[in-house]
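The values are calculated or read from the model by the stated rules, or taken from the named source; none is laboratory data. Given the structure is predicted, the values throughout are model-derived calculations rather than measurements. Glycine also receives a Cβ, built like all others from the backbone with ideal geometry; neighbour counts cover every protein chain displayed. Heavy atoms of the whole protein, side chains included, go into the accessibility calculation; ligands, DNA and RNA do not. Shrake-Rupley method; radii C 1.70, N 1.55, O 1.52, S 1.80 Å.
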Amino acid sequence: MATADTVDLGPPHAPKEESLRAFGEVEADLKRELLHLKHTYLKHEPEYFAAVQHLSDADLTSFSSADFESVRVAQSAYGIHLLGKVRIPAMPADGPAYLHVRFFVSDEPAKLHGIHTEERDEPGGGKRYRAIFTKDDPLEWFDT
């Protein structure tokens, strides 16, 4: 299994043809999984999706390959791990408006491996939860 310790993640860059093809292969699953996560977390940890809580499901999932802005790529023995930053067009670009996603690409159609959800300890105590990131948040390896 690939982890941050077992792969060398390349620098961020604009998606190339292969990355855009992979996005197209996972787009429907990505939108379905995003809505599932949103509705699940709204029941238990609404902070994860607080930045987009006012959006309809249609607006939240209105992104396309044109909104796939940045990727980082890592090679493993099994295939290619692609991390991507997807802009939610219904959100202002200067605030939380981005998903961080991970795909796996091999000889078969690309597969969605995850949408990043972050739980972080705050310096003064407590936790911060989020699934929507800013343009300036680095695209780093994640398992969840």
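Number of residues in segment 41-56 that are modelled with pLDDT of 95 or more and among the hydroxyl-bearing types (Ser, Thr, Tyr) equals 2. Looking across segment 119-134 at every residue that is over 17 Å from Gly84 (Cβ atoms) and part of a loop (DSSP other than H, G, I, E, B), the one that is nearest to the chain's Cα centre (by Cα) is identified as Glu122.
Can you name every residue in segment 19-60 that is of a type in the set (Ser, Thr, Tyr) and in a helix (DSSP H, G or I)?
Of all residues in segment 19-60, those of a type in the set (Ser, Thr, Tyr) come to 19, 40-41, 48, 56.
Those that are of a type in the set (Ser, Thr, Tyr) and in a helix (DSSP H, G or I): Ser19, Thr40, Tyr41, Tyr48.
Quick one: which of Glu69, Glu47, Glu17, Glu33 is under 21 Å from Phe142 (Cβ atoms), over 13 Å from the mean Cα position of the chain (by Cα) and open to solvent by 60 Å² or more (accessible area, probe 1.4 Å)? Please lay out each step first, then the result.
Working: Glu69 fails: over 13 Å from the mean Cα position of the chain (by Cα); Glu17 fails: under 21 Å from Phe142 (Cβ atoms); Glu33 fails: over 13 Å from the mean Cα position of the chain (by Cα).
Of the residues listed, the single one that is under 21 Å from Phe142 (Cβ atoms), over 13 Å from the mean Cα position of the chain (by Cα) and open to solvent by 60 Å² or more (accessible area, probe 1.4 Å) is Glu47.
Please enumerate the residues belonging to segment 119-132 that are free of Cβ contacts under 8 Å to residues at least 24 places away in the same chain and either surrounded by 11 or more Cβ atoms within 10 Å (Cβ to Cβ) or at positive phi (or both).
Applying the first criterion (free of Cβ contacts under 8 Å to residues at least 24 places away in the same chain) to segment 119-132 yields 119-127.
Glu119, Gly125, Gly126, Lys127 - these are the residues of segment 119-132 that are free of Cβ contacts under 8 Å to residues at least 24 places away in the same chain and either surrounded by 11 or more Cβ atoms within 10 Å (Cβ to Cβ) or at positive phi (or both).
Go through segment 104-118 and report how many residues are assigned to a loop (DSSP other than H, G, I, E, B), touching a Leu at 6+ places or on another chain (Cβ under 8 Å) and open to solvent by 20 Å² or more (accessible area, probe 1.4 Å).
In the first step, residues of segment 104-118 are kept if they are assigned to a loop (DSSP other than H, G, I, E, B); the result is 106-110, 116-117.
Now drop any that are not touching a Leu at 6+ places or on another chain (Cβ under 8 Å), which leaves 110, 116-117.
If we keep only those that are open to solvent by 20 Å² or more (accessible area, probe 1.4 Å) too, we end up with 116.
Number of matching residues: 1.
Looking at segment 20-51, which of its residues are of a type in the set (A, V, I, L, M), within 19 Å of Met91 (Cβ to Cβ) and in contact with a Lys or Arg (Cβ under 9 Å, 6 or more places away or on another chain)?
Filtering segment 20-51 for residues of a type in the set (A, V, I, L, M) gives 20, 22, 26, 28, 30, 34-35, 37, 42, 50-51.
Then keep just the ones that are within 19 Å of Met91 (Cβ to Cβ); that gives 30, 34-35, 37, 42, 50-51.
Across segment 20-51, the qualifying residues are Ala50, Ala51.
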